[in-house]
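Below is one structure, written out as structure tokens; the observations come after it.
The values are calculated or read from the model by the stated rules, or taken from the named source; none is laboratory data. This structure is a prediction, so every number in the text was calculated from the model and none was measured. Because the Cβ atoms are built from the backbone with ideal geometry, glycine has one as well, and the counts that use them run over all protein chains shown. Ligands, DNA and RNA are stripped out before the accessible areas are found, and what is left, the full protein with its side chains, is counted by its heavy atoms. Shrake-Rupley method; radii C 1.70, N 1.55, O 1.52, S 1.80 Å.
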Amino acid sequence: MNHSKISYYAELFLYPIVVAALLLFDLASNGVALQPRWLLAAAGGALLWTLAEYLVHRFLYHEVAILKQLHGLHHARPSDLIGAPIWVSVVIFLSFFVLVASLADLQTASGTTSGLLTGYVLYLLVHDAVHHWPLAEQSLLQSWLRSCRLRHVRHHRGPPGNFGVVTGVWDHVFGTALAPGQTRNA
Ligand SMILES: [Zn+2]
Ligand SMILES: [Zn+2]
């Protein structure tokens, strides 16, 4: 589904504000010093994001019929601003927060959701960068973003693989990493 620029980039503005609000709320209710439990939960949430990113892309976007169709539009026209409507991610992250808060406590829910959201925003930025930013300049040839682009371009052009956008770690763990020269005809 094609998006207006505002709706495509809305999550990039909304979620950093949500993370800042969760952090401020934690500082206000638990004291000015950052709580180790909140930080640990945030780190866990960020790690969890990298796995979620891999699993959602590999098994939902590439296997479930309706999502496969939508994601196929991005594969067919990678330069277009295509994405799910913002309420989808809002419902998912809110449900995650409520679930963790009910299973553990508010601080753990706030930390893990913040980590998860930070990972998600990083994913949005990196995915936008690899498709839209000029990364072929000499100074960027060795950059981390450029390595993300090369990995993701192989996902678009190669056989199924390289499902991780922010990191290729899970592709190595699950055996779906594509070698540099691997294309559809290889
Ligand atoms: Zn894909
Ligand atoms: Zn892409």
#### Entry: A20 being modelled with pLDDT of 90 or more, open to solvent by less than 40 Å² (accessible area, probe 1.4 Å) and in a helix (DSSP H, G or I)
no
Picked from region 23-56 (must be of a type in the set (F, W, Y) and modelled with pLDDT of 95 or more), the residue least open to solvent (accessible area, probe 1.4 Å) is Y54
Over region 55-111, the set of residues without any contact (Cβ under 8 Å) to a residue 40 or more places away in the chain, more than 30 Å from R149 (Cβ to Cβ) and either within 16 Å of ligand 1 (Cβ to nearest atom) or among the hydroxyl-bearing types (S, T, Y) (or both) is S95, S102
Per the list (1) closer than 20 Å to P180 by Cβ; (2) within 12 Å of ligand 2 (Cβ to nearest atom), residue check on S79 breaks on (1)
Inset, instruction - Please work out if H62 is within 16 Å of ligand 2 (Cβ to nearest atom), under 15 Å from the mean Cα position of the chain (by Cα) and not aliphatic (A, V, I, L, M). - result: no
*Restricting attention to region 43-62, does a residue exist that is under 21 Å from T176 (Cα atoms) and assigned to a loop (DSSP other than H, G, I, E, B)?*
yes
